[in-house]
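The values are calculated or read from the model by the stated rules, or taken from the named source; none is laboratory data. If you're wondering where the values come from, they're calculated on a predicted model, not measured in any experiment. Positions of Cβ are backbone-derived with ideal geometry, glycine not excepted, and every protein chain shown enters the neighbour counts.
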C-alpha cells in the first residue's frame, strides 16, 4: 500500500490507528430518542447476529442523537474518532441497521487498514470501475473532463455531479454490474463500505459476481474476525 492511500484512510477517519486499537468496550448513549416504532435493542441484537463481535474492537461508543454534520449532508450516520454517530431520524429498523453496518465498515477499514488496503487490489478494482464509469458517462454526453476519476478521496463536487446531475438511478442503469450501490462510486472508502453492506445485508452472490476482489477481502476478514 502506498503512503498516500494509508494517509488518506487515516486522515478521513479522523483517528489514528494506535488510538483505535487502545479503545475499550462499546458504550451506547441515546441523546435523543428514536421513533416509537424503532427498537434500538432489536437493531443492536440483529447486528450482533450479523457481524463478528471483533469488528467492534476499538469502538468506544454508539451515540444516537443529532450531529452538526447531519444537517449539512444528506446522510444520518457517520464514524469519527472511534464513535459511531447515528441520527435518531430513522425510517425504520432496517434503515438504522443499514446505517450502522455501513459505518462499521469505515471503522473496520481503519483498524484493519493493512488487511483491507495493503495489497492495493481493492484500489485497483475501484479505479478500473471508475474508468468504465467515465467512459459510459462521456458516451452519454456528460461533461466529465472537469472531474478527476482517478481521485480516491470523497469530493463534494464530484458527488454532487454523480448524485444531482447524473443521478444515482442513471449510474445504477449504466453500471449495473460494477457498483452494487451507486454511492460506492464516490470514493474508495465508500466503495468498500457499500460492498460491506452488500455482503452482510444484500446478496453475496451479486457482490462476488460484480466485485470479486472486494468480496474476497471482506470474506477473508469475516473468517478471521469470527474466531
Looking only at segment 104-138, count how many residues are touching a helix residue (DSSP H, G or I) at 6+ places or on another chain (Cβ under 9 Å) and without any contact (Cβ under 8 Å) to a residue 40 or more places away in the chain.
3
Among the residues of segment 109-141, which ones are surrounded by 18 or more Cβ atoms within 10 Å (Cβ to Cβ) and not in a helix (DSSP H, G or I)?
112
When you scan segment 60-75, do you find a residue that is closer than 21 Å to residue 198 by Cβ and modelled with pLDDT under 90, even just one?
yes
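Any residue at all in segment 148-164 that's within 18 Å of residue 220 (Cβ to Cβ) and either in contact with a strand residue (DSSP E or B) (Cβ under 9 Å, 6 or more places away or on another chain) or buried (at least 20 other Cβ atoms within 10 Å of the Cβ) (or both)? Walk me through how you get there before you give the answer.
Our first condition is that a residue be within 18 Å of residue 220 (Cβ to Cβ); within segment 148-164, this holds for none.
Among the residues of segment 148-164, not one is within 18 Å of residue 220 (Cβ to Cβ) and either in contact with a strand residue (DSSP E or B) (Cβ under 9 Å, 6 or more places away or on another chain) or buried (at least 20 other Cβ atoms within 10 Å of the Cβ) (or both), which makes the answer no.
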Of the residues that make up segment 182-199, is at least one under 30 Å from residue 49 (Cβ atoms) and in a loop (DSSP other than H, G, I, E, B)?
yes
